[in-house]
Structures are given as structure tokens and as C-alpha cells.
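Participant: Sharing a structure below in C-alpha cells format, with a few things to ask.
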Amino acid sequence: MIKVKHPLPKCNKSQEDMLAQSPETERRFQELFFSYGNAVYRYHQEAAAHEPTHQDFEEWLEGLPQNVSRDMAAKGFEWCRTVLSFTRYVQEKNDVGQEEYVRGLMGEEEFEEYKAMREESAK
């Protein structure tokens, strides 16, 4: 069962359908993977609660590699408002850490289980 649901019902249905078609041996990882991804999606959606400023944008640009910073500066503040690394920067600056947020939605046990499975599959 997917613990952290996606905010869009259509995505939930798609995930549940995919899960039902997954081999039994992969099902638990898929459940955790969807929960994790849905929690991260929600994290970035909530970044809108912290209205980014031009100062945030300038600070974020300073922390990027020079070639990426130039590219993002050329695209401009309005375009970058939805760039995930920028929304994460704004969230972190407002003391909303992604890992803690995701862990809070998934629960400690499932979060650690997901991390362990991910690490094992990377070997």
C-alpha cells in the first residue's frame, strides 16, 4: 500500500495500477518509491507558502556552478520560481528540510526501509 498519496487522484490511480502489475518481488520497493516520490512532490508544492524573493534568487545563483548560474540568470527569476533546486533552496532557507519533511510524511520506519532498499539496489 502506498502510504503517502499523490495530491492528484489521476496520479494515485496510475500508481495503484502500476503497483498491481508489478511482480510480487518488486512490489514493496515500488510502494516505498511512490510514497517517497509523492512526499517529495508535496514538499516542492508547499514551497509556494514561502514566497521567494529576488534576494533568494540572487543568493541561490551564487551557490550554483558558474555555467548553470549564468543559464538560470538568463532565464530569470519568474522562470526559475518552479525549478526544483530553487524551491528546495527557499524551503531550506525557511527551515523546512526535505529529508525531515519526507521522513515526517512517510514515518521513520518506512523512510529508513526505503533508504536501505535504495542503497542495496545501488550496489
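The values are calculated or read from the model by the stated rules, or taken from the named source; none is laboratory data. Computed from a predicted model, the values in this text were never measured in an experiment. Here the Cβ is made from the backbone with ideal geometry for all residues, glycine too, and neighbour counts use every protein chain on show. Quick note on the areas: whole protein, heavy atoms, side chains included, nothing else; ligands and nucleic acids left out. Shrake-Rupley method; radii C 1.70, N 1.55, O 1.52, S 1.80 Å.
Participant: Just checking, how many residues over region 35-65 are open to solvent by 70 Å² or more (accessible area, probe 1.4 Å), in a helix (DSSP H, G or I) and closer than 30 Å to Met106 by Cβ?
Facilitator: Residues meeting the conditions: 6.
Participant: Here are some residues: Gln55, Gln91. Which one is modelled with pLDDT of 95 or more and either polar (S, T, N, Q) or closer than 30 Å to Glu26 by Cβ (or both)?
Facilitator: None of the other options fit; the residue is Gln55.
Participant: Something else now. Does region 66-83 contain at least one residue that is over 14 Å from Tyr43 (Cα atoms) and not in a helix (DSSP H, G or I)?
Facilitator: Yes, the conditions are met somewhere in region 66-83.
Participant: Now for a different question. Within region 1-34, how many residues are of a type in the set (S, T, N, Q) and either in contact with a strand residue (DSSP E or B) (Cβ under 7 Å, 6 or more places away or on another chain) or open to solvent by less than 40 Å² (accessible area, probe 1.4 Å) (or both)?
Facilitator: Number of matching residues: 4.
Participant: Step by step: first the residues of region 92-123, then only those that are part of a loop (DSSP other than H, G, I, E, B) and closer than 17 Å to His50 by Cβ, then the one that is least open to solvent (accessible area, probe 1.4 Å). Which residue is that?
Facilitator: Gly97
Participant: What about Val68, is it open to solvent by 20 Å² or more (accessible area, probe 1.4 Å) and within 19 Å of the chain's Cα centre (by Cα)?
Facilitator: no
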